[in-house]
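Below you'll find the structure, written out as structure tokens, and then a few comments.
No lab work stands behind these numbers, since they all come straight from the coordinates. Nothing here was measured: the structure is a model prediction, and the numbers come from that model. Cβ: placed from backbone, ideal geometry, glycine included. Neighbour counts: every protein chain shown.
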Amino acid sequence: MTIVHTIQGSRILVAVNGDLDLTSAAPLRDALDELIDRYREKSLVLDLADVDFIDSSGLGVILGRFRRMSGRPLSLVGVRPAVKAVLELAGITSILPVADAVRPPVKDQRA
Amino acid sequence: MTNTMQLRFLSVPENVGLARVSIAALAGQASFSLNDIDEIKVAVSEAVSNAIIHGYRGQNDGWVEVTGTLDPHGITIVVEDFGVGIRDIEQARQPSYSTDPERMGLGFVFMESFMHGLNVQSTVGKGTRVEMQRFVTIQGELSRDAQ
């Protein structure tokens with residue numbers, strides 16, 4: 001798993017690449033906590049466009065950060081269908097803003 | 001299609017992905033959709049994670065065994081550890097039950113939701129055996145003759 005963060009105005013954008021499971025949960029949690037504590041006034045946006053898989057270990061990291069931010073906005077973007085199904089089953093989509101992954105444009109076959 | 005695979009590995013977190021990918025490859029030999037396989041992967045991930053986190057309390061020197069069996073109806077997956085066991089299985093299967101505040105207690109909920117059958121057997125001090133099934137779902141229109 002790789003994590004790349006960018007500061008964009010009032011928000012921390014964190015792009016995650018890889019599976020979110022028991023293996024990646026601890027390093028992701030530590031990285032996000034460091035960012036949350038360093039930029040105390042900023043919101044957090046997790047870009048999951050390159051995350052193909054999530055289970056309850058990964059969900060626990062997201063929900064734990066939501067609690068830790070205590071009211072600061074946290075949102076998920078680029079969420080793929082397989083990941084969204086798990087988020088929905090866990091009820092995450094009812095407490096956090098979740099934006100789906102953008103489908104790549106269909107190539108023009110005539111080109 | 002009938003086939004069987006067995007995996008035996010140490011209780012290290014990196015092996016959760018190993019088990020998930022191996023079972024997905026086996027399930028790919030049957031008529032499961034990609035969505036079906038995604039859901040099977042979540043269930044396997046939860047069962048193996050439980051074995052490591054709860055069965056062996058995070059110690060990485062325990063053995064976890066995963067068996068996958070394909071038959072014409074679908075796949076049966078057994079995940080077994082030889083750790084501390086579960087004192088109260090019914091309580092452990094309740095949503096939001098977890099001994100770890102960073103976890104959501106949804107492991108068994110995901111297994112139940114994404115699979116078509118779940119059986120949990122456990123003996124304190126001896127270990128836990130989780131067996132789950134997923135049936136192949138055939139979709140399509142009936143032919144004129146069959147209607």
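The average projected area of region A:16-58, computed from the convex hull of its Cα atoms over all directions, is 3.0 nm².
Put simply, the amide H of A:Asp50, placed in the peptide plane, has neighbours under 5 Å in A:Val16, leaving out anything fewer than 5 places away on its chain.
Both radii are taken from the alpha-carbon atoms of region A:2-100; with Rh as the Kirkwood radius, Rg/Rh is 0.92. The Cα atoms of the protein assembly as shown cover 62, 58, 28 Å along the three principal axes, with the biggest extent listed first. Sorted largest first, the principal axis extents computed over the alpha-carbon atoms of region B:43-87 equal 37, 18, 17 Å.
Please give the FRET efficiency for B:His116 paired with A:Ser75, using the beta carbon to beta carbon distance and R0 = 41 Å, rounded to the nearest 0.05.
0.75
For region A:74-90, 3J(HN,Hα) computed residue by residue from phi via the Karplus equation (6.51, -1.76, 1.60; θ = phi - 60°) reads 9, 9, 10, 10, x, 7, 7, x, 5, 6, 5, 4, 6, 4, 5, 4, 7 Hz, glycine and proline entered as x.
Counts of other chain beta carbons within 10 angstrom of each beta carbon in peptide A:18-27 average 5. Across peptide B:30-41, the mean count of Cβ atoms from other chains lying within 10 Å of each residue's own Cβ comes to 2.
Counting only DSSP beta bridges with both residues in region A:2-100, the antiparallel share comes to about 35 percent.
Rg/Rh, computed from the Cα trace of chain B with Rh as the Kirkwood radius, has the value 1.03. The mean sequence separation of alpha-carbon pairs under 8 Å and at least six residues apart, normalised by the residue count of chain A, gives a relative contact order of 24 percent. A simple packing score, the average count of other Cβ atoms within 10 Å per residue, orders the peptides B:86-92, B:67-73 as B:67-73, B:86-92, with the highest score first. Take each peptide in B:123-130, A:23-30, count the other Cβ atoms within 10 Å of every residue, and average; sorted highest first, the result is A:23-30, B:123-130.
Rounded to the nearest whole Hz, the Karplus-based 3J(HN,Hα) values (6.51 cos²θ - 1.76 cosθ + 1.60, θ = phi - 60°) of region B:75-87 follow the sequence 10, 10, 10, 10, 10, 10, 10, 10, x, 7, x, 10, 6, with x at glycine and proline.
Counts of other chain beta carbons within 10 angstrom of each beta carbon in peptide A:57-64 average 5. Rounded to 0.05, the FRET efficiency of the B:Gln133 and B:Arg8 pair, given R0 = 30 Å and the Cβ-Cβ distance, is 0.90. Listed by chain and number, the aspartates and glutamates whose C-alpha is less than 20 Å from the C-alpha of A:Lys42, apart from same-chain residues fewer than 8 away, are A:Asp30, A:Asp33, A:Glu34.
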